[in-house]
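The values are calculated or read from the model by the stated rules, or taken from the named source; none is laboratory data. Note that this is a predicted model, so its numbers are computed, not measured. Cβ sites come from the backbone with ideal geometry, for glycine too, and all protein chains shown count toward neighbours.
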Amino acid sequence: MGCDAAVNAAQGHPGLLFTAFEPSGDDHASAVIAELKRRHPDLPIYAWGGRKMKAAGAELVAETGHDAVVGVPGWDKIKEHLRINREIRDWIRANDVKVHIPVDSPAANFPICKIAKRAGLKVVHLVAPQLWAWGPWRIGKLRRCTDLVLCLLPFEETWFREKGVEATFIGHPLFDEPIDTDALQREAEDLPRPTGGGLRLAILPGSRPAELRRNFPLLFRSFLALRESHPGLVGVVGATTQEAVDDMRARAAEHGEWPADLHVVIGETDLVAAWCDLALVVSGTVTLQLTRQAKPMVIVYKTNELTYKWVGRWVLTTDVFALPNLIAGRRIVPELIPYFTGTERLLETVNGVLTDPQALEQQRADLQDICEQFAGHNAARGAADAIERVAGLCSRPELCGAG
């Protein structure tokens, strides 16, 4: 426990309110809730969130996150969030809570933060809004509706502090637990083996339906082309759910039969990463799972060209977009973001990587350097320490998280 239990008893203390609206938010919040409950079993923790948050010990006021939207929401989704905002405002007025912890989803959470601040609550953002990538003009809004931002990426703490927002780097949940690489390698022996020293190619197409719709046909057609130019190549698709597999097979049918040398593994991204020589991966958190094992990758994200030209290029503010490159501060991994049409650009990049062993080795070394930046951090414990301090759960804040 972070502080002496006699000093740090939470019984009768005002509660905490978490709000999360995506499955990833449910994941992040559940680990922090479990850590807070371990330290303070009687601390009231409430949530608009998912089932993992409930299992971790939160009292679920309402379940959210099962139909998260990426991009611009439709009118029905806007009306739903306006209703949720009213419900949360009324609930805060009727309940004794001291700290609001919004989890990711800034578009959904910013209005709730404003409500919480007006009601006199402290606000601690779990997962920093990615204002450094797009919409930096929103920094004033964030400054007004937060007391602390908890950053999952190393460079974010400095970025926010330079703009007058209190922030601290807590680490990333993906790096909290060490990987048993030996066990994964033994398991990977049961996955398909290429013939004649061929390439093991992983395809990681994302998890959201919109990502699959845009990106999987591109990756599938690229696989078909690569198996022609690289004899013995075998592929494994890392899928998140059976529903995603069904969706991908239906889309693949538009381009011919599903090839016998393209296999599917569900819910085992670390295993697929351990097995592969190279990954074709859709930009997102999964790139950090590959980073943990220093696996070379080519990152892609297909989007609508017209939307990007009219909107995206004006609001995106970084030179690189993929997480490994953002953390490194330079392009250490080939990223094709945004990607519009055809397979030629992707195939040219993949073939360029495969024919340059020195570049592959350099990419592995750079990815290992990224892992070092997370060494010594534990995101769940770091978040719990910070929330304790803001909530006044420790009479001696410097001891929170010690021991």
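Residue-by-condition table, conditions (1) surrounded by fewer than 21 Cβ atoms within 10 Å (Cβ to Cβ); (2) within 30 Å of G238 (Cα to Cα); (3) outside the structural domain of K79 (by TED's automatic domain parsing):
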residue: F110; (1), (2), (3): yes, no, no
residue: A128; (1), (2), (3): no, yes, no
residue: R138; (1), (2), (3): yes, no, no
residue: C145; (1), (2), (3): no, no, no
residue: E162; (1), (2), (3): yes, no, no
residue: I170; (1), (2), (3): no, yes, no
residue: Q185; (1), (2), (3): yes, yes, yes
residue: E189; (1), (2), (3): yes, yes, yes
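Those residues that are polar (S, T, N, Q) and in contact (Cβ under 8 Å) with a residue 60 or more places away in the chain, I need them from segment 81-129; list them, please. Let's see the steps before the verdict.
Taking segment 81-129 and keeping what is polar (S, T, N, Q), we get 85, 95, 105, 109.
N95, S105, N109, listed by residue number.
The conditions are (1) buried (at least 18 other Cβ atoms within 10 Å of the Cβ); (2) touching a strand residue (DSSP E or B) at 6+ places or on another chain (Cβ under 9 Å); (3) assigned to a helix (DSSP H, G or I), and W91 fails exactly one of them. Which is it?
(1)
Listed residues V61, V149, V103; which is modelled with pLDDT of 95 or more, of a type in the set (V, I, T) and over 14 Å from A20 (Cβ atoms)? Lay out the reasoning, then the answer.
Working: V61 fails: over 14 Å from A20 (Cβ atoms); V103 fails: over 14 Å from A20 (Cβ atoms).
That would be V149, the only listed residue that is modelled with pLDDT of 95 or more, of a type in the set (V, I, T) and over 14 Å from A20 (Cβ atoms).
Contact list please: Cβ distance under 6 Å, first residue in segment 223-252 and surrounded by fewer than 18 Cβ atoms within 10 Å (Cβ to Cβ), second residue in a strand (DSSP E or B), pairs at least six apart or on different chains.
Pairs that qualify, where the first residue is surrounded by fewer than 18 Cβ atoms within 10 Å (Cβ to Cβ) and the partner is in a strand (DSSP E or B), are V245/A239; V245/V264.
Considering segment 329-365 alone, what residues qualify as being in a helix (DSSP H, G or I), in contact with a helix residue (DSSP H, G or I) (Cβ under 6 Å, 6 or more places away or on another chain) and either acidic (D, E) or buried (at least 20 other Cβ atoms within 10 Å of the Cβ) (or both)? Steps first, please.
Step one: filter segment 329-365 for residues in a helix (DSSP H, G or I), giving 344-354, 357-365.
Now drop any that are not in contact with a helix residue (DSSP H, G or I) (Cβ under 6 Å, 6 or more places away or on another chain), which leaves 346-347.
L346 - this is the single residue of segment 329-365 that is in a helix (DSSP H, G or I), in contact with a helix residue (DSSP H, G or I) (Cβ under 6 Å, 6 or more places away or on another chain) and either acidic (D, E) or buried (at least 20 other Cβ atoms within 10 Å of the Cβ) (or both).
Among P23, P73, which is closer than 20 Å to V127 by Cα, in the same structural domain as K117 (by TED's automatic domain parsing), at pLDDT below 90 and not basic (K, R)?
Values: P73 fails: closer than 20 Å to V127 by Cα.
Going through P23, P73 in turn, just one is closer than 20 Å to V127 by Cα, in the same structural domain as K117 (by TED's automatic domain parsing), at pLDDT below 90 and not basic (K, R): P23.
I need the full set of residues from segment 185-222 which are aromatic (F, W, Y) and at pLDDT below 90, in order please.
Restricting attention to segment 185-222, the residues satisfying the condition of being aromatic (F, W, Y) are 216, 220.
Answer for segment 185-222, where residues must be aromatic (F, W, Y) and at pLDDT below 90: there is none.
Sort through A384, A365, A379 and tell me the only one that's of a type in the set (G, A, S) and out of contact with any Gly (no Cβ under 8 Å at 6 or more places or on another chain). Even if it seems obvious, please write down each step before you answer.
Details: A384 fails: out of contact with any Gly (no Cβ under 8 Å at 6 or more places or on another chain); A379 fails: out of contact with any Gly (no Cβ under 8 Å at 6 or more places or on another chain).
On inspection, the qualifying residue turns out to be A365.
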